Amino acid sequence: MLLSQAQERPLGRAERWSVQVHLFLCNGCRNFRTQLEFLRAAVRRYRDGGEAR
Amino acid sequence: MNELSDQDLQRYRPYLLRYALLQLRNPDLAEDVVQETLLAALEGRARFSGNSSPKTWLTGILKHKIIDAIRKKSREQPLAAGDDGGDAETVDTLFKGDGHWQQMPATWGNPAQALEDRKFWEIFELCSRLMPERTARVFMLREVMELTTEEICQELAITPTNLWVILHRARLSLRECLEIKWFGGAKR
């Protein structure tokens, strides 16, 4: 949930720390973060008409 | 100073329509909004200074028209805090009691490659449309129109926490759909 919120607002120091520790341990969550960034990029590219025809 | 002609403006019509459709999800409404935008642009084209590109200028007008349309729709159908069309139950099954994943998100390898594949975009469109209308509206305000948290909360009269929950659910559902329909079978 914090990873998702990080897309909207800067996290506080304690939150960042807790996220960093967790990401270190959790493969699934690291994947999730990469995927969130991908989703954002994909939506914007779709909006700008940049998809392959 | 060169004034934009009607033809110049019409060239942007497909782009504007796609943008509006992504945001409003209703073809008739999107059509109306684009018409209003082009009309406003035609009437105001003497005022276009040429400091930005016509596309940027038109998009600016379009965004205002879209917000007006959303505002009007919000008055007719207020977006209540927990009301996201059953999304909540679906999404909650993705997590165990302690709040962690039921099934770990797999790695998608190099997802950027998918962006070059036409079939991916068909799936992407499908997955976007699967999102409940109200969730999609909020998600698009954030991701397509890139409004800030404050702006969205003000427009829809919801709290930041409501907003983050809705956005989180939107992303989870989109992610899940793409993983199942496209990236599925990837290594964990």
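Counting each DSSP H run of 4 or more residues in chain A as -39500 (n - 2.57), what helix-only mean residue ellipticity at 222 nm follows after dividing by all residues, to the nearest 500 deg cm²/dmol?
Numbers: 3 runs with 38 residues, N = 53.
It comes out at -22500 deg cm²/dmol, rounded to the nearest 500.
Taking segment B:1-23 and a reference point 7 angstrom along Cα→Cβ of B:Glu133, the backbone N atoms nearer than 15 Å belong to B:21-23. Only residues of segment B:135-163 count here: report those whose backbone N is under 14 Å from the spot 7 Å along Cα→Cβ of B:Lys72, or say none. Nothing falls inside the zone, counting backbone N under 14 Å.
Amide H contacts for B:Met104 (H built 1.01 Å from N in the peptide plane; partners 5 or more residues away or on another chain; cut-off under 5 Å): none found. Would you work out which of A:Phe24, A:Ser4, A:Leu39 lies farthest towards the positive end of the dipole of segment A:2-47? Charges go on Cβ: Lys and Arg +1, Asp and Glu -1. Toward the positive end, the furthest listed residue is A:Leu39. For the residues of B:158-171, the average number of beta carbons from a partner chain within 10 Å of their own beta carbon is 3.
Among A:Ser4, B:Ser173, sorting on how many other beta-carbon atoms sit within 10 Å of each Cβ, with the fewest leading, yields A:Ser4, B:Ser173. Applied to segment B:37-48, the Karplus parametrisation 6.51 cos²θ - 1.76 cosθ + 1.60 on θ = phi - 60° returns per-residue 3J(HN,Hα) values of 5, 5, 5, 4, 5, 4, 5, x, 5, 5, 7, 6 Hz, with x for Gly and Pro. Separation of segment A:12-35 from segment B:125-188 is 20 Å, based on Cα centroids.
Spin-label model, B:Glu151/B:Leu21: points 7 Å from Cα along the beta carbon direction are separated by 2.4 nm. Applied to segment A:5-10, the Karplus parametrisation 6.51 cos²θ - 1.76 cosθ + 1.60 on θ = phi - 60° returns per-residue 3J(HN,Hα) values of 5, 4, 6, 10, 8, x Hz, with x for Gly and Pro.
Figure the gain on full extension for B:Ser49 and B:Thr159 (residue separation times 0.36 nm, minus the Cα-Cα span) and round it to one decimal in nm.
On the way: separation 110, 0.36 × 110 = 39.60 nm, distance 3.80 nm.
Residue separation times 0.36 nm, minus the Cα-Cα distance, leaves 35.8 nm.
Ranked by how many other Cβ atoms sit within 10 Å of their own Cβ, fewest first, the residues B:Lys65, B:Lys55, B:Lys73, B:Lys119 fall in the order B:Lys119, B:Lys55, B:Lys73, B:Lys65.
Neighbour counts of C-beta atoms inside 10 Å place B:Glu122, B:Glu176 in the sequence B:Glu122, B:Glu176, starting with the fewest.
Bear in mind that the values in this text are calculations on the coordinates, not laboratory data. None of the values given here were measured: they were computed from a predicted structure. As a convention, Cβ positions derive from the backbone with ideal geometry for all residues, glycine included, and neighbour counts pool all protein chains shown.
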